[in-house]
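The numbers here are math on the coordinates, done by the rules we state, and not lab data. A quick note: this is a predicted structure, and the numbers were derived from the prediction, not measured. Positions of Cβ are backbone-derived with ideal geometry, glycine not excepted, and every protein chain shown enters the neighbour counts.
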Amino acid sequence: MARLQVVLKVFFAALAVLLPLTLVLDKCGAEEPVVIRAQTGSVKGRAIEAINAGDYSAAINILEKSPSPDPFDEDYKALLAKAYGERGWKKQGTGDFPGALEDLKKARLNEPKKQFATYFGLAYCSYRLKQADDALDYLDEAIFLEPFEPQARTLRGQIYYQRGRLPEAVSELELALQEKPGDRGIKELLAKARKELGVEGSFTDRETYYFNVKYEGEEKRQLGDLVLDVLYKASSNVGGDLGYYQKEPINVILYTRQQFSDVTDAPDWSGGVFDGNIRIPVGGKDIDKTALAAVIHHEFTHAVIHREVSGHVPAWLDEGTAQYEERWARQPKADGFTPVPLSTLDATFINMDPDKAKNAYAESLSAVQYYVDRFGMYSLSNLIKNLGEGRGVSDAMKKAAGVSLSEFEQDWLGSGR
């Protein structure tokens with residue numbers, strides 16, 4: 001993606017005491033770039049020097065301490081926008097998405113003309129902060145400015161896919177792939193969206209404020225009603241435990257066992273999957289409502305943790321918490337298991353063989369049950385929120401419970417749990 005570029009040029013004049021400085025701003029698609037000239041030592045000149053040196057905070061400080069007397073001074077506003085925009089992108093690169101979003105908003109307010117880079121940056125930061133509606137609004141502007149920019153099309157396709165808007169997702173990803181035909185990530189997501197559209201294209205879609213439930217055939221409407229009822233209970237139960245208040249809808253798709261296998265490639269022992277959407281296999285006339293409620297609470301917990309934490313969550317904590325929340329439907333049991341270091345249960349269990357997966361799930365539940373019994377549900381909620389702040393699991397646990405991961409693991413295993 002084209003980024004705004006700064007070119008600092010010094011022109012030597014035989015009789016000049018001050019050297020004039022020139023800042024060239026690539027307007028990302030505009031016919032002519034904007035050229036800003038300023039004298040060395042002037043406010044604008046010093047700001048240009050700071051921008052050229054990569055010290056965007058210094059440039060902002062220089063400009064805001066000595067505002068232009070002309071409220072319509074486009075050069076001044078363009079420099080301020082440039083400094084905020086570049087600082088915003090720099091923060092985004094370090095994972096400081098709230099700070100990046102704030103800076104990019106200030107860049108947008110000062111830009112004499114709309115910039116693709118600013119709107120795409122706003123969209124990406126909003127997406128990473130789980131503000132998908134805002135991300136889509138910013139993407140509309142970005143794509144208006146650069147209709148064929150593949151990263152913007154890909155991001156919009158990703159959001160549509162996560163929201164279950166499969167036809168629109170396929171359309172966006174196809175446009176992105178035209179511009180980047182060799183991009184493996186786009187190809188894989190497009191293939192997945194097409195496969196799901198082939199299965200779900202004729203599904204009934206029940207939309208509510210918090211959930212969109214899809215199932216095949218109107219004859220399953222009663223099942224859809226049951227699932228919606230349990231989903232709202234799960235939202236209250238799990239949300240209350242983890243201090244989470246839902247802001248955006250979650251997609252829940254109900255499949256036959258064969259459809260579930262075709263779409264997710266999950267092993268036969270899997271009772272459900274959360275991959276941005278909750279996917280549950282149901283079938284037959286005699287549905288075990290208790291088991292279904294447990295699965296819904298389990299997968300909804302994954303959805304909550306995913307929305308609370310942008311980065312990585314250890315699988316033992318993710319799966320242990322999801323099993324613990326099944327207690328709202330039935331009491332989960334951490335039956336006999338052979339302990340392994342929690343550090344070895346960091347990645348998903350989905351690719352394990354059945355015996356290893358059973359052991360991993362039981363151990364994860366035992367660890368989380370012990371944590372809640374010792375430190376309380378509020379501490380578990382804080383542990384997850386601390387992970388959402390970008391902390392590692394040991395640091396997050398130290399802040400939430402006063403013990404490191406190794407100290408917790410030693411105490412847990414020593415308790416005979």
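Calculate the dipole size of the chain relative to its Cα centre from +1 charges on Lys and Arg beta carbons and -1 charges on Asp and Glu beta carbons; express the result in debye to the nearest 20. Spell out each step's value before the answer.
On the way: 51 positive and 62 negative charges, 153 e Å.
Magnitude of the dipole: close to 740 debye.
Given charges of +1 on the Cβ of Lys and Arg and -1 on the Cβ of Asp and Glu, with all other atoms neutral, how large is the dipole of the stretch 204-414 about its Cα centre, in debye to the nearest 20? Each step should come with its number before you reach the end.
Values: 21 positive and 32 negative charges, 91 e Å.
Magnitude of the dipole: close to 440 debye.
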- Net charge over other residues, Cβ less than 15 angstrom from the Cβ of Pro147 (K, R count +1; D, E count -1): -3
- Task: Calculate the all-directions average of the projected area of the stretch 204-414's alpha-carbon convex hull, and give it in nm².
- Result: 11.3
- Using amide H atoms built 1.01 Å from N in the peptide plane, name the residues 5+ places from Asn212, or on other chains, whose amide H lies under 5 Å from its own. Ile250, Asn251, Val252
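If you take the Cα Rg of the chain and divide it by 2.2 N^0.38 Å, with N the number of residues, what do you get?
Numbers: Rg = 26.2 Å, N = 417, 2.2 N^0.38 = 21.8 Å.
Against the compact-globule rule of thumb, the ratio is 1.20.
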- Given springs between every Cα pair under 10 Å in a Gaussian network model of the chain, which of Pro69, Pro332, Pro341 has the largest fluctuation? Pro69
- Item | HN-Hα J in Hz across the stretch 123-131 - Karplus 6.51, -1.76, 1.60, θ = phi - 60°, x for Gly and Pro | 5, 5, 5, 4, 4, 5, 8, 6, 10
- Message: Below 8 Å between Cα atoms, with a sequence gap of 6+, how large is the relative contact order for the chain in percent?
- Response: 7
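If you add up the charges near Val403, with Lys and Arg at +1 and Asp and Glu at -1, over every other residue whose beta carbon is less than 10 angstrom from its beta carbon, what do you get? Each step should come with its number before you reach the end.
Values: positive: Arg374, Lys398; negative: Glu407, Glu409, Asp411.
That works out to -1.
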- Task: Mind scanning Lys214/Lys289; Lys192/Lys398; Lys220/Lys333; Lys105/Lys398; Lys105/Lys385 and naming the pairs with a C-alpha gap bigger than 28 Å?
- Result: Lys192/Lys398; Lys220/Lys333; Lys105/Lys398
- Message: What does the extension gain come out to for Glu174 and Thr204, with contour length at 0.36 nm per residue minus their alpha carbon separation?
- Response: 8.3 nm
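Rounded to the nearest 0.05, what FRET efficiency do Ile350 and Ser42 have when you use their Cβ-Cβ distance and R0 = 45 Å?
Details: r = 61 Å, r/R0 = 1.35.
E(calc), rounded to 0.05, equals 0.15.
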- Once both label points are put 7 Å beyond Cα along the C-beta direction, the Lys358-Asn52 separation in nm becomes 7.1
- Task: Hey, for a label at Lys114 modelled as a point 7 Å past Cα toward Cβ, could you say which residues of the stretch 131-173 have their backbone N under 14 Å away?
- Result: 136-148
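Indicate the gyration tensor shape class of the stretch 241-357 (rounded, prolate or oblate), computed on the Cα atoms with a ≥ b ≥ c the square roots of the eigenvalues: a/c under 1.5 is rounded; otherwise a/b larger than b/c is prolate and the rest oblate.
Numbers: a/c = 1.38, a/b = 1.13, b/c = 1.22.
Note, shape of the stretch 241-357 comes out rounded.
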- Task: Any chance you could check the Cα centroid distance between the stretch 44-62 and the stretch 274-314 for me, in angstrom?
- Result: 50
- Of the residues Gly336, Ala315, Pro281, the Cα lying farthest along the dipole of the stretch 268-361 towards its positive end, which is defined by charges on the beta carbon of Lys, Arg, Asp and Glu, belongs to Pro281
- Any idea how far apart Glu218 and Gln331 come out in nm if each label point goes 7 Å out from Cα toward Cβ? 4.5
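Please give me the summed charge of the neighbours of Ser68: other residues whose Cβ is under 11 Å from its Cβ, Lys and Arg +1, Asp and Glu -1. Working shown, then result.
Details: positive: Lys44, Lys77; negative: Glu64, Asp70, Asp73, Glu74, Asp75.
Cβ neighbours under 11 Å give a net charge of -3.
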- Using alpha carbon centers only, the stretch 317-351 is separated from the stretch 183-227 by a whole-angstrom value of 28
- Message: Apply the Karplus curve 6.51 cos²θ - 1.76 cosθ + 1.60, θ = phi - 60°, to the phi angles in the stretch 326-336 and return the couplings in whole Hz, x for Gly and Pro.
- Response: 5, 4, 5, 10, 7, 6, x, 10, 9, 5, x
- Task: Enumerate the calculated ³J(HN,Hα) couplings along the stretch 290-301 in order (Karplus 6.51 cos²θ - 1.76 cosθ + 1.60, θ = phi - 60°), each rounded to whole Hz, writing x wherever the residue is Gly or Pro.
- Result: 5, 5, 4, 4, 5, 4, 5, 4, 4, 6, 5, 4
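According to the Cα gyration tensor, what semi-axes, each the square root of 5 times an eigenvalue, does the equivalent ellipsoid of the stretch 227-310 have, listed from largest to smallest in whole Å?
Working: eigenvalues 99, 45, 19 Å².
Ellipsoid half-lengths, sorted descending, are 22, 15, 10 Å.
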